[in-house]
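See structure below.
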Amino acid sequence: MKQNTPTHGKRRAAWTTLEIKIAMLKAGVTPTSIGAASGLTPQAISHAVHRARCGRRARMAVAQALGVDVTEIWPDALLPLRERRLRKAS
């Protein structure tokens, strides 16, 4: 498959923790700086990056700091919790 070929109908996988960390390094941001800018703790940002108890505000803050849409990093981020759980189970 060519690199720039559109993938119609295919869901893009969520970014891995490593991809998010690399993007943060390239953008020159840390969990502390993102947390300070968004009024969240660095731990909340770190939990979002590592997918442990990630809240919507923390995900939005990370995406904003990286200059991308939150659904690009976490494709299911804006879905209701029930739908996310159903997708995860299947």
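Taking first residues from segment 4-21 that are over 12 Å from Trp74 (Cβ atoms) and partners that are modelled with pLDDT of 90 or more and surrounded by 10 or more Cβ atoms within 10 Å (Cβ to Cβ), the Cβ contacts under 8 Å between residues at least 6 apart in sequence or on separate chains come to Lys21/Val49.
Selection of segment 38-78 for residues being over 11 Å from the mean Cα position of the chain (by Cα) and on the phi > 0 side of the Ramachandran plot yields Gly39, Arg53, Gly67. Among the residues of segment 62-78, those identified as of a type outside the set (D, E, K, R) and either in a helix (DSSP H, G or I) or within 19 Å of Pro31 (Cβ to Cβ) (or both) are Val62, Ala63, Gln64, Ala65, Leu66, Gly67, Val68, Val70, Thr71, Ile73, Trp74, Ala77.
On the basis of being modelled with pLDDT of 80 or more and either assigned to a helix (DSSP H, G or I) or out of contact with any Gly (no Cβ under 8 Å at 6 or more places or on another chain) (or both), does Met24 make the cut? Yes.
The residues of segment 46-57 that are closer than 19 Å to Lys26 by Cα and without any contact (Cβ under 8 Å) to a residue 24 or more places away in the chain, listed by number, are Ser46, Ala48. With among the small types (Gly, Ala, Ser), in a loop (DSSP other than H, G, I, E, B) and modelled with pLDDT under 95 as the only criterion, which of Ala44, Ala13 stands out? Going through Ala44, Ala13 in turn, the sole match is Ala13. What are the residue pairs meeting all of these: first residue in segment 31-45, first residue farther than 11 Å from Arg57 by Cα, second residue assigned to a loop (DSSP other than H, G, I, E, B) and charged (D, E, K, R), Cβ atoms under 7 Å, and 6 or more apart or on different chains? Hits for this filter: zero, empty list.
The values are calculated or read from the model by the stated rules, or taken from the named source; none is laboratory data. For clarity, every value in this text was computed on a predicted model and none was experimentally measured. A quick note on method: Cβ atoms are made from the backbone with ideal geometry, for glycine too, and the neighbour counts reach across all protein chains shown.
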